[in-house]
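Only one structure is covered here, and it is reproduced in the block below.
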Amino acid sequence: MYSQLFVEMESFQFTKTGQAACGDDIQIKVLKDENRYLAVLSDGLGSGVKAHVLANMTTTMALRYLQSNMDTLQSVETIMDSLPVCEVRKISYSTFSMIDLRLGGITRIVEMGNPQYIQLRGTEEVQPLKHETIVSKHWPDRQVECYELKMEPGDRLIVSSDGVTQSGLGEGPQYRFGWRRCGEMEYARERISSNPEISSFSLARSIAYQAYGISKNTCKDDISCMVIYMRKPRVMRLLTGPPFHKDHDIDFAKCANLGEDHTIVCGGTTANILERVIGNKVEIDISKLKRDDKLPPAGRLPGVAMVTEGILTLTRVCKALENSEPADSLPATARKIIEMMKQHDKIEFIVGTKVNEAHQDPSLPQDLELRRGIIRRISTALNQKFRKETEITFF
């Protein structure tokens, strides 16, 4: 059961007003072979660049120690011993939350100085299986809280910096002590209740914006929220190119069976195969054609989210993913494909390998590659930059 689950890990941050760099840092690492998902959120002393350096040093070391299964106390002491000393306060300091989630096993959380994590099963809070407080002999003024808990399908973990729980501090009787952990948890419950399938990113962003709003749309401290959500994966398929053997057209077309919200078809020949097998026609709204869009508009086919032109569109998508181009700079068709990819966890590419003779036209762009090469590049970009799972099947 657990091997079929997807662990969605996303975050959202606001930088303290007037500062050029966020004093909080978040790092995430997935160890697929071990079914482990590691994450660290750190809040550096103060704010701005110096705080960011402290936080980044902490997350980098903590992530390495988590991966190596280093003893908790030894890890914490090494981190604190390694941090540079603040010239003003004469202390080295950085708070942190370390998460080691193991599918089907025990999840461990180590916190020092940060607000306590929140675990929700639906809208109900889940208590840890075990809680232990450790005090370092090297740093007797620092308490380390160690938790063990069990993550079940549908559970969420919410981890924040104190910029969230202390938002609104002193802003009238309601927020005399800030928003606090209880306020953050109640708000998260409301958001989940109104949208039980809310994504990690949407929930993290919503919590951060709520904290920002409570502080009268200003950040008196860096605001960071990370949400981890264990659920069934959202899968989409992208079909492109005719199969090498025409006899495989029917099997190829059957791959477009994930439903209208989860399937994209790229290429005129590919669309023709689906039209012939399914018996429906592609409809294109010419009114959506823009002179400066540089790509043909998407078409509609029953059972499919969108039908687009092939290799030129995929090449544009590839470049946008590799270069992290902003969405508003992209042609509408490429933007919609990328948005759909980001909304899913696993992207399956069904690729026909028959060479299109039209692609040998010397007037086409020089960087136009064979379909297989472009799909591999898109797959790599999704893996490395967006932590998406990908699978390529050739026909």
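Values in this text are rule-based calculations from the coordinates and carry no lab data. In this text the structure is predicted, and so the values were computed from the model without any measurement. When we count neighbours, we look across all protein chains shown, and the Cβ atoms used for this are built from the backbone with ideal geometry, even at glycine.
For the reader, a short list of remarks on this structure follows.
- Total charge dipole magnitude, the stretch 16-125, about the Cα centre, Cβ charges on Lys, Arg, Asp, Glu only, Debye to nearest 20: 200
- Only one residue of 35, 66, 116 has its Cα farthest out toward the positive end of the dipole of the stretch 9-154, where Lys and Arg carry +1 and Asp and Glu -1 on Cβ, and that residue is 66.
- Protection proxy ranking of 115-121, 275-281, by the mean of other Cβ atoms within 10 Å over each peptide's residues and highest first, is 115-121, 275-281.
- Toward the positive end of the charge dipole of the chain, with +1 on the Cβ of Lys and Arg and -1 on the Cβ of Asp and Glu, the farthest Cα among 94, 329, 23 is that of 329.
- Computed lengthening from residue 258 to residue 234, 0.36 nm per intervening residue step minus Cα-Cα distance: 7.6 nm
- Compactness ratio for the stretch 53-150: Cα radius of gyration over 2.2 N^0.38 Å (N = residue count) comes to 1.14.
- Qualifying lysines (Cα of each under 26 Å from Cα of residue 246; at least 8 residues distant if same chain): 254, 281, 354
- Anchor residue 130: aspartates and glutamates whose Cα lies under 19 Å away (excluding residues fewer than 8 positions away in-chain): 71, 100, 111, 145, 148, 152, 155
- From largest to smallest, the equivalent ellipsoid semi-axes obtained for the chain from the alpha-carbon gyration tensor read 46, 22, 21 Å.
- Efficiency of FRET between residue 71 and residue 380 - r from beta-carbon atoms, R0 35 angstrom, step 0.05: 0.45
- Given 150/388; 342/388; 29/319; 29/50; 150/342, the pairs whose alpha carbons are separated by over 20 Å: 150/388; 29/319; 29/50; 150/342
- Distance (nanometres) between label positions extended 7 Å along Cα→Cβ at residue 121 and residue 217: 4.1
- Cα centre as origin, Lys/Arg/Asp/Glu Cβ charges: the chain dipole, Debye: 360
- Positive-pole candidate from 194, 343, 298, dipole of the chain, charges at beta carbon: 298
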